[in-house]
Amino acid sequence: MKLRSVFSIVTAVVALSCYAGDMQKAAEYYSQGDYEQSVEEYESILASGQESATLYYNLGNSYFRLGKMSKAIINYERSLKVDPTNEDARHNLEFAKEKTVDKIDVPEEMFITRWWSNVRNLASADAWAYSSIALFSLFVIALLCYIFSTRLSLKKSGFALSLVALVFSAITFVLAYQQNAIQTDNSHAIIFAPTVTIKSTPDVSGTDLFILHEGTKVEIREYVGSWAEIVTEDGSKGWIDVNAIEII
């Protein structure tokens with residue numbers, strides 16, 4: 001084994017050990033009720049380049065305890081981007097949203113759309129991708145059995161299994177693609193300004209449309225200079241100063 005490879009492995013092990021130790025220290029501060037120090041430790045871990053769903057989730061909990069809802073919300077959102085199966089983060093996110101000023105009525109999704117979203121969130125993009133590969137491999141094996149088997153029963157079974165495997169391979173591929181698009185999406189943000197006026201144009205002289213408060217989630221459509229066109233979850237549109245928001 002090359003010296004460089006050994007060094008890389010040792011560095012990775014040391015980094016993981018430090019990460020685990022720092023996470024434990026932050027958790028101890030949290031359990032002692034020292035949420036400010038807990039936040040400082042978690043933020044320090046993030047600044048070192050480490051990232052995980054648990055880290056964002058724990059940081060969100062610390063901010064929640066401090067009453068900083070916008071910071072709690074964005075960290076719960078980031079936790080779900082890394083691991084969409086984190087139901088604790090999803091539950092706490094909804095609870096934190098109830099503490100914000102803006103109560104936006106989100107249009108109810110159709111049953112099939114809601115069901116598909118729930119299925120997609122059962123696993124990460126990587127997990128769905130691995131499932132798709134495994135199912136496609138099963139499709140190839142079953143197809144070979146159908147082509148080369150001399151027994152009629154094996155041909156029938158191979159043909160049926162290959163069709164089922166191909167269909168589910170395609171479905172899991174779509175789920176992986178969509179989940180990856182969500183996890184790598186940078187078009188959503190959380191408002192961090194206590195109060196911000198949404199304008200009709202990307203300019204301070206634009207007409208005042210409506211007011212939003214910190215903790216509200218928005219979708220960014222485009223940028224013009226230091227302004228961003230945003231859409232709220234109920235479909236309201238307008239322009240906001242980019243300094244008032246933070247990307248999830």
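Residue count for region 205-248, restricted to those that are out of contact with any Ser or Thr (no Cβ under 7 Å at 6 or more places or on another chain) and among the charged types (D, E, K, R): 8.
With the structure loaded, tell me whether Leu122 is touching a residue at least 12 places away in the same chain (Cβ under 8 Å) and either closer than 24 Å to Leu212 by Cα or assigned to a helix (DSSP H, G or I) (or both) or whether it fails that test. No: the conditions fail for Leu122.
Within region 135-153, the residues that satisfy the criterion of being within 10 Å of Phe168 (Cβ to Cβ) and among the aliphatic types (A, V, I, L, M) are Leu135, Leu138. The single condition among (1) under 22 Å from the mean Cα position of the chain (by Cα); (2) farther than 19 Å from Lys217 by Cβ; (3) of a type in the set (A, V, I, L, M) that Leu163 does not meet is (1).
Please verify whether Ala170 is small (Gly, Ala, Ser), farther than 18 Å from Ala53 by Cβ, open to solvent by less than 70 Å² (accessible area, probe 1.4 Å) and in contact with a strand residue (DSSP E or B) (Cβ under 7 Å, 6 or more places away or on another chain), treating the condition exactly as stated. Judged against the criteria, Ala170 is not a match. In this structure, Thr201 qualifies as over 17 Å from the mean Cα position of the chain (by Cα) and either aliphatic (A, V, I, L, M) or over 30 Å from Leu135 (Cβ atoms) (or both).
Here are Thr150, Thr100: which of them is polar (S, T, N, Q) and surrounded by 17 or more Cβ atoms within 10 Å (Cβ to Cβ)? Exactly one residue qualifies, and that residue is Thr100. Whenever a residue of region 226-248 is touching a residue at least 60 places away in the same chain (Cβ under 8 Å) and under 14 Å from Ile104 (Cβ atoms), its partners that are of a type outside the set (A, V, I, L, M, F, W, C) and part of a strand (DSSP E or B), lying with C-beta atoms within less than 7 angstrom and at least six residues away or across chains, give the pairs Glu233/Lys217. Within region 188-213, the set of residues being closer than 16 Å to Ala228 by Cβ and touching a residue at least 40 places away in the same chain (Cβ under 8 Å) comprises His188, Ala189, Ile190, Ile191, Phe192, Ala193, Val196, Ile198, Lys199, Leu212. No other residue among Ile211, Ile240 is hydrophobic (A, V, I, L, M, F, W, C), buried (at least 20 other Cβ atoms within 10 Å of the Cβ) and over 17 Å from the mean Cα position of the chain (by Cα) apart from Ile240.
If the requirement is being at pLDDT 95 or above and either at positive phi or among the hydroxyl-bearing types (Ser, Thr, Tyr) (or both), which of these qualifies: Ser124, Ser169? The match here is Ser169. Within region 199-207, is there a residue that is hydrophobic (A, V, I, L, M, F, W, C) and surrounded by 14 or more Cβ atoms within 10 Å (Cβ to Cβ)? No; the residues of region 199-207 include none that is hydrophobic (A, V, I, L, M, F, W, C) and surrounded by 14 or more Cβ atoms within 10 Å (Cβ to Cβ).
The values are calculated or read from the model by the stated rules, or taken from the named source; none is laboratory data. Please read all numbers here as calculations on a predicted model, not as lab measurements. Using ideal geometry, Cβ is built from the backbone for each residue, glycine included, and neighbour counts are taken over all protein chains shown. Quick note on the areas: whole protein, heavy atoms, side chains included, nothing else; ligands and nucleic acids left out. Shrake-Rupley method; radii C 1.70, N 1.55, O 1.52, S 1.80 Å.
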